[in-house]
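To start, the structure itself, in structure tokens.
The values are calculated or read from the model by the stated rules, or taken from the named source; none is laboratory data. Note that the structure is predicted; figures quoted are calculated from it, not measured. Counting neighbours? That spans all protein chains shown, and the Cβs are built from the backbone with ideal geometry, glycine included. Areas reflect the complete protein model, heavy atoms only, side chains present, ligands, DNA and RNA absent. Shrake-Rupley method; radii C 1.70, N 1.55, O 1.52, S 1.80 Å.
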Amino acid sequence: MKGKRILLGITGGIAAYKIAFLIRLLKKKEADVKCIMTPASCDFISPLTIATLSENPVYIDFWNQKDGTWTNHVDLGMWPDVFLIAPLTANTLAKLIHGQSDNLLTATFLSAKSPVIVAPAMDLDMYIHPATKRNLAQLELDGVQIIPAESGELASGLVGQGRLAEPENIVAVLEEFFAKSNAFQGQKVLITAGPTYERIDPVRFIGNHSSGKMGFEIAKVFLSQGAEVTLISGPTKEKLTHKNLILHSIQTAEEMLAEVQSCWKTMNVGVFAAAVADYRPESPEVQKIKKNEERMTINLVKNPDILAWAGANKTENQKLVGFALETNDAEKHGFDKLKRKNLDFIVVNTLEDKGAGFGVDTNRIKIIDKSNKLISFELKPKHQVALDIVNYLKENIES
Ligand code: C5P
């Protein structure tokens, strides 16, 4: 963990005393640790203890009354490689899922650019309360990694789940996080995302319901694991900025193909998640079409298959992943596309599955790989589906 920047948020629960040990362990591993404490946490452990162990000033308030200086939560949010909140109380958990920013820690959570990991700790009944369960599930859906509370004796005298994960176990999670975060260091990844809009006239187009979410989530996972990502996206509401991201916004399949052709040779990995229109109007009108006729016909011509082009121009060292959204016989069509487009694996999903497909935040996928192995996954939030896809590539596809 040498030189890794860990921003440690401490909230007001009795388990805060264990954070002294956690900071000792992180410092032994040569991590750079800065701490934000909520005002309530200062009743459980002294800021002086935290400052001394972390070898850095402790941030508690938005502004320092002694010298009138302002603590900028945006700068704090930009600083770390990971933002760890431990212990996370039920109260701060509830604030995080609602985007409240009533103290420096919660405001920094909203500003944070790094991944966030939380370790909840509370009494047994609070931990199993439906509100807490709901809030943890929402936080996970928002992309936060959760280190579950451990079981054992609690400060209240009760015995059960609710104890803060032991500092050694939190360190193990962080080590795994940093190991993963370097997995694609130096690798170039090309991702296509979103729909394409095929011009009919200056104001109309043929498009589809793709939101671009899946492709953007995949881009986020690769970026978090050190890759340099080129993302070629059709029209979408999704937004993403990152120092290792090049984003090309396009409208049509032909524009997407041109971008892909200009960079595919230099890429190590391609993940084609775009919902490319199969056909485009043969000759788009220059002026807006008037509604003079009772019927109208638009001649369509076939668009280039961008993924098939990449598959045909793939070297042995390049890995290529495609998607197949089917309404029937999903596996059969998936196998067929895998072979025809020369893919390492294909991600198949079907609109028949509830919670899968366009515009929703969840997806249920199957992966079929080039050795004809088929793996089915549960219905999950799209950011976790993205993780499954990237992990599958890392762990099962030889380069
Ligand atoms: O053949 P089908 O359109 O179902 O294939 C889907 C896969 O092929 C997706 O990965 C999609 O991004 C890609 N594709 C493409 N260019 C097309 C059509 C599909 O890259 N014209």
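Would you mind getting me the FRET efficiency between Glu150 and Lys2? Use the beta-carbon distance for r and R0 = 30 Å, nearest 0.05. Mind showing how you got there, number by number?
On the way: r = 28 Å, r/R0 = 0.92.
It comes out at approximately 0.60.
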Ser156, Ser210, Ser41, reordered so the largest accessible area comes first (probe 1.4 Å): Ser156, Ser210, Ser41
Helix-derived [θ] at 222 nm for the chain: sum -39500 (n - 2.57) over DSSP H runs of at least 4, divide by residue count, nearest 500? -9500 deg cm²/dmol
Modelled label reach - Val203, point 7 Å along Cα→Cβ, segment 277-299 residues with backbone N closer than 18 Å: 284-294, 296
Want the number for Asp125 to Thr49: 0.36 nm per residue separation, take away the alpha-carbon distance, what's left? 24.3 nm
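Just the number please: accessible area per residue for segment 5-181, 1.4 Å probe, all protein chains included, in Å². Walk me through the intermediate numbers first.
Numbers: 8250 Å² over 177 residues.
It amounts to 47 Å² per residue over segment 5-181.
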Which of Ala112, Phe323, Ser224, positive extreme of dipole for the chain (C-beta unit charges): Phe323
Along the charge dipole of segment 5-181, pointing to its positive end and built from +1/-1 on Cβ of Lys, Arg, Asp and Glu, which listed residue (Leu96, Gly77, Ala20) has its Cα farthest out? Gly77
Decide, for segment 216-361, between rounded, prolate and oblate: order the square roots of the alpha carbon gyration tensor eigenvalues as a ≥ b ≥ c, take rounded if a/c falls under 1.5, and otherwise choose prolate if a/b is larger than b/c, else oblate. prolate
Under a Gaussian network model of the chain whose springs join Cα atoms within less than 10 Å, the largest fluctuation of Leu53, Leu93, Leu158 belongs to Leu158
Stretch gain in nm, segment Val74-Asn372, where the contour uses 0.36 nm per residue and the Cα spacing is subtracted: 102.5 nm
Distance in Å, no decimals, from the C-alpha centre of segment 127-196 to the one of segment 281-357 is 36 Å
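Tell me the relative contact order for segment 264-344 as a rounded percent, counting alpha carbon contacts under 8 Å between residues six or more apart.
Values: 73 pairs, mean separation 29.4, N = 81.
So the answer I get is 36 percent.
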Report the gain in length on full extension from Phe62 to Thr297: 0.36 nm times residue separation, minus Cα-Cα distance, nm rounded to one decimal. 78.3 nm
Cα-projected label distance for Gln100 with Lys354, points at 7 Å along beta-carbon direction, nm: 3.3 nm
Can you tell me which of Ile206, Ile117, Ile389 moves the most in a GNM of the chain? Springs connect C-alpha atoms under 10 Å apart. Ile206
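Checking the a/c ratio against 1.5 first, then a/b against b/c, what shape does the Cα gyration tensor give for segment 116-183? It would help to have the intermediate numbers written out before the result.
Working: a/c = 4.18, a/b = 1.46, b/c = 2.85.
Oblate shape, in that a/c is at least 1.5 and b/c is the bigger or equal ratio.
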Given the options Leu307, Leu48, Leu164, state which has the largest fluctuation in a GNM of the chain using a 10 Å cut-off (strictly under) for Cα springs. Leu48
Any lysines whose Cα falls less than 27 Å from that of Lys27, other than same-chain ones fewer than 8 residues away, would be Lys2, Lys4, Lys18, Lys113, Lys180
So if R0 is 35 Å, what FRET efficiency would Gln161 and Lys239 give, r being the distance between their Cβ atoms, rounded to the nearest 0.05? 0.40
Relative contact order (%) - the chain, alpha-carbon pairs under 8 angstrom, separation at least six: 11 percent
Shape call, segment 5-181: gyration tensor on alpha carbons, a/c limit 1.5: rounded
